[in-house]
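First comes the structure, then the notes that go with it.
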Amino acid sequence: MRTVRSRPSSAASTTYPAHMGVTGIGGFFFRAKDPEALAAWYREHLGVGLGDWGLWDQQAGPTVFSPYDADTDQIPAGRSGS
């Protein structure tokens, strides 16, 4: 079995079994001062979010692309997505 060594975050590091990795994400949600204008820019210039419900079709499958109002309660305040 092939293994992959993680980047050390401290003196000790961890080894994990190799796997296929991430092939897609379910959605990309974030805050924006003007979510409609930002979504329109991404559609026009990058082709992101062209599908129904803002779907972004990729090789691995669809991803929801959805900017929210900057003051939304849908994304807890103080969360940066990291």
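Among 63-73, 37-47, the peptide with the highest mean count of other Cβ atoms within 10 Å heads the list, and the full ranking is 63-73, 37-47.
Gain on full extension, evaluated as 0.36 nm per residue between His19 and Gln74 minus their Cα-Cα distance, stands at 16.5 nm. Expressed to the nearest 5 percent, the antiparallel share of DSSP beta bridges inside segment 24-77 is 40 percent. Put simply, the Cα atoms of segment 24-77 extend 32, 22, 15 Å along their principal axes, the longest span coming first. Label-to-label distance, Ala40 versus Gln58, with points set 7 angstrom from Cα along the beta-carbon direction: 2.6 nm. Using 0.36 nm per residue and subtracting the Cα-Cα separation, the extra length available between Phe29 and Leu50 on full extension is 6.0 nm.
Rule-based calculations on the coordinates, nothing more; no lab input. Owing to the predicted nature of the structure, the values given are computational and were not obtained by experimental measurement. Positions of Cβ are generated from backbone atoms using ideal geometry, with glycine treated the same way; all protein chains shown enter the neighbour counts.
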